[in-house]
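Here is the structure we will look at.
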């Protein structure tokens, strides 16, 4: 397993472009199971999760041309219905093949999903949605077996859960309902931009979906779906992460393809802390904006509570915790989506952070310098927070188990090195750095 060796204290400056959204791409790829036509996706990020989804779809009878950038997909075998454990265990988003496969093939066998470990994330809402549409659900040897031999029928489905709506559950029900008989109404649907992106693709394919981006979706089922060409939206979590990287190094970074329109809660917290996200271009299309990120010399503490969109995203909680280690005074972070998502707290404490946790709430006493140390990533976004901590810490930081990071960021070390960071990818046990170069500008 690889690790990152980071030399801290280097100010970031320059311009990079935000990649396509991982959380949008995965259900978009799964939507290819809904049609016999060709689906072309553009702006697909080069990530291990994308490769794993491509491998899963190939096993489910989809012919794939490309794994990232521009990919083309077409179903060539409708008989494969088993999403096997050895692929599904690598990422939780594998569950998003359930709705498309059930709607088109009337049977889906899905191993219980894996992914990052930070508490229970049940899929009962997905299954409840399938049952509401007329499917039968059974558990057999660790596989979920969902069948609808007579097809699916439109109905009203409520998708609210104890921690809010479900993004992948909404995607699953939306895909299934697109091919169901009659009208389906989804109440308490997820409002995330990734759901909107999927609805746009499905409508291009011939679906009739109204209300995407709001809590009530109205879907009139159609007989079949066809081909479509679609460009994936920029990744709002990557955009937020790189904006934090600029802030923690007191940098001056320009981010292109910044999805400004779906990051207003994040920008609000940046403003409160003393980080400026200035809109440089893209006011006419704020999902593809260019922004300049700078920060004040003295950062201020704040209060953050994670919520479903348009609230503050749980996937940026860890990164902002690192940022608030610089803010003098006490900041309060409350995690209301995944209350156990604090694996990064102990590792940040190893670097000198003063963080006190009580249940789903952490108090960050900022203003104390961090010092480089060996740390270990526990999940995808925790990995990012530790890299950010390494950028601002005194001395050298080594972040191990960065395979988590490779699930959600395309060659993060190369992107940050372009801005002046000094990060080496090291093969575990070898002590030998990888081939990611440090640009001349970073050596200055």
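Miscellaneous remarks
- Within the range 267-284, the residues that satisfy the criterion of being out of contact with any helix residue (DSSP H, G or I) (no Cβ under 9 Å at 6 or more places or on another chain) and part of a helix (DSSP H, G or I) are 268, 271, 272.
- Candidate set from the range 47-73 (those that are touching a residue at least 60 places away in the same chain (Cβ under 8 Å) and farther than 21 Å from residue 287 by Cβ); member that is nearest to the chain's Cα centre (by Cα): 49
- Any chance residue 300 is part of a loop (DSSP other than H, G, I, E, B) and either touching a residue at least 12 places away in the same chain (Cβ under 8 Å) or surrounded by fewer than 23 Cβ atoms within 10 Å (Cβ to Cβ) (or both): yes
- Candidates 74, 10 - the one that is assigned by TED's automatic domain parsing to the domain that holds residue 288 and either surrounded by fewer than 16 Cβ atoms within 10 Å (Cβ to Cβ) or touching a helix residue (DSSP H, G or I) at 6+ places or on another chain (Cβ under 8 Å) (or both): 10
- Tally, over the range 189-207, of residues that are surrounded by fewer than 20 Cβ atoms within 10 Å (Cβ to Cβ) and assigned to a loop (DSSP other than H, G, I, E, B): 1
The rows are residues; the columns are (1) crowded, with 24+ Cβ neighbours inside 10 Å; (2) over 24 Å from residue 259 (Cβ atoms).
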position: 2; (1), (2): no, yes
position: 34; (1), (2): yes, yes
position: 42; (1), (2): no, no
position: 45; (1), (2): no, no
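- For the range 371-394, a residue qualifies if it is in a helix (DSSP H, G or I) and touching a helix residue (DSSP H, G or I) at 6+ places or on another chain (Cβ under 9 Å), and the qualifying residues are 380, 381, 382, 383, 384, 385, 386, 387, 388, 389, 391, 392.
- Verdict on residue 134 being surrounded by fewer than 24 Cβ atoms within 10 Å (Cβ to Cβ), at pLDDT 95 or above and not in a strand (DSSP E or B): yes
- If the condition is being surrounded by fewer than 23 Cβ atoms within 10 Å (Cβ to Cβ) and closer than 12 Å to residue 135 by Cβ, then the range 145-179 contributes 145, 147, 148, 149, 150, 151, 153, 155.
- Residue in the range 323-341 that is part of a helix (DSSP H, G or I) and in contact (Cβ under 8 Å) with a residue 24 or more places away in the chain present: yes
- Taking the range 208-266 as the range and being over 19 Å from the mean Cα position of the chain (by Cα), closer than 27 Å to residue 300 by Cα and assigned to a loop (DSSP other than H, G, I, E, B) as the test, the residues that pass are 249, 250, 251.
Every residue, every condition in (1) crowded, with 17+ Cβ neighbours inside 10 Å; (2) at pLDDT 95 or above; (3) closer than 17 Å to residue 375 by Cβ, yes or no:
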{"residue": "323", "(1), (2), (3)": "yes, yes, yes"}
{"residue": "326", "(1), (2), (3)": "yes, yes, no"}
{"residue": "333", "(1), (2), (3)": "yes, yes, no"}
{"residue": "338", "(1), (2), (3)": "yes, no, no"}
{"residue": "343", "(1), (2), (3)": "yes, no, yes"}
{"residue": "349", "(1), (2), (3)": "no, yes, yes"}
{"residue": "353", "(1), (2), (3)": "yes, yes, yes"}
{"residue": "356", "(1), (2), (3)": "no, yes, no"}
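- Annotation for the range 224-231: at least one member residue is outside the structural domain of residue 367 (by TED's automatic domain parsing) and buried (at least 24 other Cβ atoms within 10 Å of the Cβ).
- Selected residue [part of a loop (DSSP other than H, G, I, E, B), over 20 Å from residue 408 (Cα atoms), in contact with a strand residue (DSSP E or B) (Cβ under 9 Å, 6 or more places away or on another chain) and free of Cβ contacts under 8 Å to residues at least 60 places away in the same chain] from 363, 368: 368
The values are calculated or read from the model by the stated rules, or taken from the named source; none is laboratory data. What you are looking at is a predicted structure, and each value in this text was computed from that prediction instead of being measured. Cβ: placed from backbone, ideal geometry, glycine included. Neighbour counts: every protein chain shown.
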